[in-house]
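Trainee: Below is the structure I would like to discuss, written out as C-alpha cells.
The values are calculated or read from the model by the stated rules, or taken from the named source; none is laboratory data. This is a predicted model, so every value here is computed, not measured. In this analysis, Cβ positions are derived from the backbone assuming ideal geometry, glycine residues included, and neighbour counts consider all displayed protein chains.
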Amino acid sequence: MSQALETLTAALAEKTGDFSGVSLFNKISNCTEDVVKIGEYVLEKAKTSNLYSSSNNDQLLNDFRVNLENISCEMKTKTEDSKFDASFLDKVLRPTSVLMRYLNDCLKYPVPAAVENFRSAYKEHTELVNIIISQLEHKSSNPLILSMESDSLKTRTTFDKWYDIMNGMLGQVLLLETFASTFLESGSNQNLVDRLRKLLTTVQSWQEDYTMCDYWSALKQDVEKFQHENGELSVTEKADKLKMKLDDLLTKDSFYFLVLDPTKDALLEFHAKNQDQLIESSNHSIIIYRSKLASTVDTSILESLKSQIESLKNNEEKENPLDQVYNKEKLKARIQHNMENSIHDAGFICVFSGIKGEIRSANFGQESGPGFSEIFEMEFNGTQHGFVVGYN
C-alpha cells in the first residue's frame with residue numbers, strides 16, 4: 001500500500017503548468033489500481049481507529065491528501081471563474097464537490113465515521129458518473145460547446161480552458177468512483193476509464209471543427225476595438241499584443257500583419273486578389289492579410305515565391321518605387337500588374353515608405369511568412385521602407 005501512496009503522491013506533486021485538469025485525469029486514469037489500494041488501506045485503518053486515536057496520524061496518507069487538495073483547489077478556482085448553467089451546477093459540480101469533501105475527510109481522518117459519511121453521500125449520488133457523461137456528450141449541455149458558441153473569435157484560450165476543466169471534473173469523478181469501489185466491492189473500473197478516455201478524445205476532436213468556423217467578420221470588428229483601446233501603446237507593443245491575439249485563433253489560416261504609426265504622413269499602397277482575405281483598420285494603422293494555403297503548401301513553393309520577388313525587386317530598384325513623391329495611383333497599378341504577371345503565387349502585396357512600422361507573422365510554423373517581407377531603416381531620419389508579399 002505504501003508504494004501505491006508514494007506513486008500517486010509523487011504523480012500529483014509534479015508541476016503541470018496551466019493544465020492541472022488534464023494532468024489530474026491522466027494521473028488518476030493511469031493509477032486506478034493504486035487508488036483501490038489506498039481505499040482498501042483507509043477501510044482497514046478505519047476498523048482499528050477512532051476519532052481520538054493517535055494512530056490516525058498517517059504521514060503518507062496526509063501527503064497524498066495535501067497534493068490532491070492542491071490540485072482540487074486549482075480546479076475550484078477555474079470553475080469559480082467560469083460560467084455554468086444552473087442545471088450543470090446542480091447535477092454535476094455541487095455533488096462532486098460534496099463527495100470530494102467527504103473523500104478528503106477519509107484521508108485526513110481514516111475513522112469509521114468518515115468512512116460512513118462518504119459511503120452515505122456516495123449512495124445518494126450513484127448516478128453522478130452517468131449524469132456527467134451525459135451532460136458532456138450532448139452539445140446542448142456541454143459547457144465547452146456553450147462557451148465556444150459565445151466566443152466569436154473561436155480562440156484556443158477558450159477551448160483549452162474548458163477542455164482542462166472537463167478533464168479535471170472527469171478526473172475527480174474517476175477518483176471518487178474508484179475509491180468508492182473498495183467500499184462497495186463493485187470490481188474493476190477499467191471500463192469506466194476507457195469510456196471517459198473515449199469521451200475526452202471525442203471532445204478534443206471538436207477542436208478541428210472549430211478551425212473551420214468563420215471568425216473573420218468578428219476579427220474585423222475586434223481590430224477596430226483593438227485600435228481604439230491600445231492607442232497609447234508604441235507600434236512595437238501593439239504588434240506584440242496583436243500577434244498574441246492572432247496566434248490564439250483556432251484556424252488553419254496564416255497571417256501577415258502590419259502595425260504602422262497613423263500619425264506619420266507616408267506612402268502606403270497595397271492590393272489583395274481577394275478582399276475577403278484583408279482587414280484594414282479605419283485609420284490605416286493596422287493591416288492584416290490571411291493566407292488560406294500557406295500552412296499546407298510545400299516549402300519549395302514559398303521559396304519559389306521568394307525568388308520571384310527578388311528578381312522583381314532588382315528590376316524595380318532602378319525606378320525606386322518607394323520614393324514618397326512617387327505617384328500613388330501609378331504605384332497601385334504597378335502592384336496589381338506585378339501580382340498578375342510577375343509574382344504568380346502572391347495573394348497580397350504591400351509597399352510602404354517613410355513610416356515607422358512593424359511587419360509580423362502569426363499562426364505560421366516557420367520563422368517568417370506566409371510569403372516574404374523586407375524592411376529597412378533610413379539612417380538620416382529613422383523612417384522605414386519595406387514591402388510584404390503574402391502567399392495565396
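Trainee: State yes or no: is Leu302 surrounded by 17 or more Cβ atoms within 10 Å (Cβ to Cβ), assigned by the TED database to the domain that holds Val235 and modelled with pLDDT under 70?
Mentor: no
Trainee: List the number of the failed condition for Val235; all other conditions in (1) farther than 23 Å from Leu146 by Cα; (2) at pLDDT 95 or above; (3) not hydroxyl-bearing (Ser, Thr, Tyr) hold.
Mentor: Among (1) farther than 23 Å from Leu146 by Cα; (2) at pLDDT 95 or above; (3) not hydroxyl-bearing (Ser, Thr, Tyr), the lone unmet condition for Val235 is (2).
Trainee: Output the residues belonging to segment 112-141 that are at pLDDT 90 or above and either part of a loop (DSSP other than H, G, I, E, B) or not assigned by the TED database to the domain that holds Thr178 (or both).
Mentor: Selection gives His125, Thr126, Glu127.
Trainee: Check whether at least one residue in segment 204-222 is of a type in the set (Phe, Trp, Tyr), buried (at least 21 other Cβ atoms within 10 Å of the Cβ) and closer than 20 Å to Ser361 by Cβ, and report yes or no.
Mentor: Looking for residues that are of a type in the set (Phe, Trp, Tyr), buried (at least 21 other Cβ atoms within 10 Å of the Cβ) and closer than 20 Å to Ser361 by Cβ, one finds none in segment 204-222, hence no.
Yes or no, residue by residue, for (1) over 26 Å from the mean Cα position of the chain (by Cα); (2) touching a residue at least 24 places away in the same chain (Cβ under 8 Å):
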{"site": "Thr77", "(1), (2)": "no, no"}
{"site": "Lys83", "(1), (2)": "no, yes"}
{"site": "Ala86", "(1), (2)": "no, no"}
{"site": "Met100", "(1), (2)": "yes, yes"}
{"site": "Ala113", "(1), (2)": "yes, yes"}
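Trainee: Let me ask something else. Condition test on Val92, is it in contact (Cβ under 8 Å) with a residue 12 or more places away in the chain, within 19 Å of Lys161 (Cβ to Cβ), among the hydrophobic types (A, V, I, L, M, F, W, C) and buried (at least 17 other Cβ atoms within 10 Å of the Cβ)?
Mentor: Yes: the conditions hold for Val92.
Trainee: Tell me the residue from Phe183, Phe179, Phe159, Phe226 that is assigned to a helix (DSSP H, G or I), within 30 Å of Gln384 (Cβ to Cβ) and not hydroxyl-bearing (Ser, Thr, Tyr), please.
Mentor: After ruling out the rest, the residue left standing is Phe226.
Trainee: Can you name the residue in segment 142-155 that is out of contact with any helix residue (DSSP H, G or I) (no Cβ under 8 Å at 6 or more places or on another chain) and either part of a loop (DSSP other than H, G, I, E, B) or surrounded by 15 or more Cβ atoms within 10 Å (Cβ to Cβ) (or both) and, of all such residues, is modelled with the lowest pLDDT?
Mentor: Within segment 142-155, the match that is modelled with the lowest pLDDT is Leu146.
Trainee: Quick one: what pairs do we get from segment 221-241, first residue under 13 Å from Asn283 (Cβ atoms), second modelled with pLDDT of 95 or more and assigned to a helix (DSSP H, G or I), C-beta under 7 Å, 6+ apart or different chains?
Mentor: That search, which allows pairs on different chains as well, returns Phe226/Leu242; Asn230/Lys238; Asn230/Lys241.
Here's the yes/no breakdown for (1) within 25 Å of the chain's Cα centre (by Cα); (2) of a type in the set (A, V, I, L, M):
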position: Ile132; (1), (2): yes, yes
position: Ile145; (1), (2): yes, yes
position: Gln172; (1), (2): yes, no
position: Asn189; (1), (2): no, no
position: Lys198; (1), (2): yes, no
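To keep it simple, each residue is scored yes or no on (1) more than 26 Å from Leu184 (Cα to Cα); (2) touching a Leu at 6+ places or on another chain (Cβ under 8 Å); (3) surrounded by fewer than 22 Cβ atoms within 10 Å (Cβ to Cβ).
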{"residue": "Ser20", "(1), (2), (3)": "yes, no, no"}
{"residue": "Ser29", "(1), (2), (3)": "no, yes, no"}
{"residue": "Asp34", "(1), (2), (3)": "no, yes, no"}
{"residue": "Ile38", "(1), (2), (3)": "no, yes, no"}
{"residue": "Glu44", "(1), (2), (3)": "no, no, yes"}
{"residue": "Thr48", "(1), (2), (3)": "no, no, yes"}
